[in-house]
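So the structure is just underneath, and the comments pick up after that.
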Amino acid sequence: MKKNNIITAAAFFVASVVSFSAYAGSCGTYSKAKKDIVDTAASAGSFSTLVAAVTEAELVDVLKGEGPFTVFAPTDEAFGALPAGKVESLLKPENRDKLISILTYHVVPGKVLAADVKDMEAPTVNGQTATVAVNDSGVTIEGANVIQTDIMTSNGVIHVIDKVILPSA
């Protein structure tokens, strides 16, 4: 397993949980985050799909790492919008590499705050780039809407998205 893929998947999971926690609590931003991405996500209790994915991909320890990571984290509802059986299939041990690729596609190295975002091709941890677009309606990444921004953790930042983005094959 590639170290970068593990780091990316872990960052994705942690960001997803942290993002939802801040989103659900209507707090928006953690100005002095004391918890890392994983601890924040685990305490949210609302990202069972992401927790299962990160656990199956063996990325938990990576996401507790130093970082910094920027994670575009899909909600459980976003995972629920995938075709029937897709999540279950990805969680099978024989599909671990594909799962890692998807999770790491949601992670950008470094700490990118909403104020720094512009139209661009963002390099992801899995080695591919993702298209980020900014317009009057807001920000999208690969067509997914960014619905919550700048959720700070001790090892990065999370931006919540409304869709699971998939890397090219």
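The values are calculated or read from the model by the stated rules, or taken from the named source; none is laboratory data. Predicted model only: the values in this text are computed from it and were never measured. Here Cβ is always computed from backbone atoms with ideal geometry, including for glycine, and neighbour counts include all displayed protein chains.
The set of residues from the range 93-116 being without any contact (Cβ under 8 Å) to a residue 24 or more places away in the chain and under 17 Å from Ala52 (Cβ atoms) comprises Glu94, Asn95, Lys98. Close Cβ contacts (under 6 Å, 6 or more residues apart or on different chains) running from residues in the range 130-150 that are closer than 15 Å to Lys163 by Cβ to residues that are of a type in the set (S, T, N, Q) and outside any strand (DSSP E or B) comprise Ala130/Thr124; Gln148/Ser19.
Go through Ala115, Ala73, Ala78 for me and flag whichever is within 15 Å of the chain's Cα centre (by Cα), part of a helix (DSSP H, G or I) and not acidic (Asp, Glu). One residue alone meets the criteria, Ala78. Glu88 falls short of the stated requirement of being surrounded by 15 or more Cβ atoms within 10 Å (Cβ to Cβ) and more than 19 Å from Ser168 (Cα to Cα). Residue under question is Val87, and the condition is that it be free of Cβ contacts under 8 Å to residues at least 60 places away in the same chain, more than 21 Å from Thr153 (Cβ to Cβ) and among the β-branched types (Val, Ile, Thr); does it hold? Yes: the conditions hold for Val87. For Asp119, indicate whether it is of a type in the set (Asp, Glu), out of contact with any Pro (no Cβ under 8 Å at 6 or more places or on another chain), modelled with pLDDT of 90 or more and over 23 Å from Asp61 (Cα atoms). The answer is yes for Asp119. Counting only residues that are of a type in the set (Gly, Ala, Ser) and crowded, with 24+ Cβ neighbours inside 10 Å, the range 56-72 holds 2 of them.
Out of (1) at pLDDT 80 or above; (2) over 16 Å from the mean Cα position of the chain (by Cα), what's the single condition that is false for Met1? Every listed condition holds for Met1 apart from (1). Being acidic (Asp, Glu) and closer than 18 Å to Ile165 by Cα is a property that holds for Glu77.
Of all residues in the range 91-112, those satisfying the criterion of being part of a loop (DSSP other than H, G, I, E, B), crowded, with 16+ Cβ neighbours inside 10 Å and out of contact with any Phe, Trp or Tyr (no Cβ under 9 Å at 6 or more places or on another chain) are Leu91, Val112. Restricting attention to the range 128-169, which residues are in a loop (DSSP other than H, G, I, E, B), in contact with an Asp or Glu (Cβ under 7 Å, 6 or more places away or on another chain) and surrounded by fewer than 19 Cβ atoms within 10 Å (Cβ to Cβ)? Result: Ser154, single match. When you go through Thr124, Thr75 one by one, which is the residue that is under 17 Å from Val51 (Cα atoms), of a type in the set (Ser, Thr, Tyr) and either in contact (Cβ under 8 Å) with a residue 60 or more places away in the chain or buried (at least 23 other Cβ atoms within 10 Å of the Cβ) (or both)? Thr75 is the lone residue from the list that is under 17 Å from Val51 (Cα atoms), of a type in the set (Ser, Thr, Tyr) and either in contact (Cβ under 8 Å) with a residue 60 or more places away in the chain or buried (at least 23 other Cβ atoms within 10 Å of the Cβ) (or both).
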